[in-house]
1. Given Cβ point charges of +1 (Lys, Arg) and -1 (Asp, Glu) and nothing else, what value in debye, to the nearest 20, does the dipole of the chain about its Cα centre take?
2. Looking at the chain, what % of its DSSP beta bridges pair antiparallel, to the nearest 5?
3. Along its principal axes, what span do the Cα atoms of region 109-265 show, with the longest given first and each in whole Å?
4. Using only the C-alpha atoms of the chain, find the volume of their convex hull and express it per residue in Å³.
5. What does the extension gain come out to for Gln130 and Arg36, with contour length at 0.36 nm per residue minus their alpha carbon separation?
6. Which value, to two decimals, describes the C-alpha radius of gyration of region 219-317 once divided by 2.2 N^0.38 Å?
7. In Å², what does the accessible area per residue of the chain work out to with a 1.4 Å probe?
8. List the lysines whose Cα lies under 16 Å from the Cα of Lys215, skipping any in the same chain that are fewer than 8 positions away.
Amino acid sequence: MKVVVTGATGFIGTPLVAALRARGDDVIALVRDVERAKQHLRGDDAAPPLGENAPPRVPGAIQPGALHLVLADLEAPGVWCDRLDGADAIVHLAGEPVDAKRWDAQQKQRIRDSRVETTRTIVEALAKTQHKPKALVTASGVDFYPFALEHDDFDDDEVTETDPPSETFLGRVCRDWEKEARVGESLGMRVASMRTGLVLAKHGNAMSKLRRQFKLFAGGRLGSGRQWMSWIHLDDVVNAYIAAATDERYRGPINMVTESTRNAQFVRTLGKVLGKPSWLPAPAFAIKAVLGGEFAESVLQGRRVVPAKLRELGFVWKYPTLEGALAASV
């Protein structure tokens, strides 16, 4: 396959590109800095060199796929749009990190534009291609759904792909993001929006912060600890993206989580894995003071998201239990 990937140097994009190449797929990575991406995505010495001049393939042999780096500003049309023509699938992961800075008006605009406007630009470019890809797979988030508190006090109800969107900032971003992607269906493409929860991995920003807290013996629940955390290991995220890009059954919104766990249980399990106590809670007012009220709400409240579609599709998780996923992430 020939797969176009945005956000290729990111937390999910980097291992996804490696996994696609390991399958023998050719990857076209749309990047903002070619030289940085060249260092970041170089990969195994056995892989073909970056650029257009990959060595000839040996018939019947499984070889790493080629990697082509293309300079692209995804918020504006450019010559990069030509590289979409003839691709088998587009995987759109690019987006401003939501946990990098406090949410002032400018940061919120960057978060939105980096997702909604880039998706619109990509779909408009795809409309002009002669040979359209079969699949457009975009990132999204479980923030699409309302917090449990908006229904009842930490509601136990399971949230599936049929539940309505939230009117929070991130809920509106996810809603508009997916709406722009769905325009691709009118172009004859299969569109899947992967509503992702907390991704666990050794080099993930979230796990790095949690490990640091526990090593300082400051690990514990956040706020009440009763809020749901919808989690999945990075390896399962990568496998789900590949499945969505290659399997025609993957379409529409898909909850990319393994399960949801109460925050208190999550930190107890992490403490067990790290061999550290998990008794020191972080009070809600302190979290709000550090993160800002609106961002803090996304941490202190939750929803019990379940992977209804992935279960229906027969997806097999590499890390089906929280303890196993955390052990592979510390």
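The values are calculated or read from the model by the stated rules, or taken from the named source; none is laboratory data. Quantities reported herein were computed from a predicted structural model and do not represent experimental measurements. Here the Cβ is made from the backbone with ideal geometry for all residues, glycine too, and neighbour counts use every protein chain on show. Ligands, DNA and RNA are stripped out before the accessible areas are found, and what is left, the full protein with its side chains, is counted by its heavy atoms. Shrake-Rupley method; radii C 1.70, N 1.55, O 1.52, S 1.80 Å.
1. Working: 44 positive and 42 negative charges, 194 e Å.
Its charge dipole is roughly 920 debye.
2. 10 percent
3. Extents along the principal axes, in whole Å: 58, 34, 32.
4. Values: hull volume 46.6 nm³, N = 330.
Output value, Cα hull per residue: 141 Å³.
5. Values: separation 94, 0.36 × 94 = 33.84 nm, distance 3.12 nm.
This chain segment gains 30.7 nm when fully extended.
6. Compactness ratio reported: 1.29.
7. So the chain comes to 46 Å² accessible per residue, rounded to a whole number.
8. Within the straight-line limit of under 16 Å, Lys215 reaches these lysines: Lys202, Lys272, Lys276.
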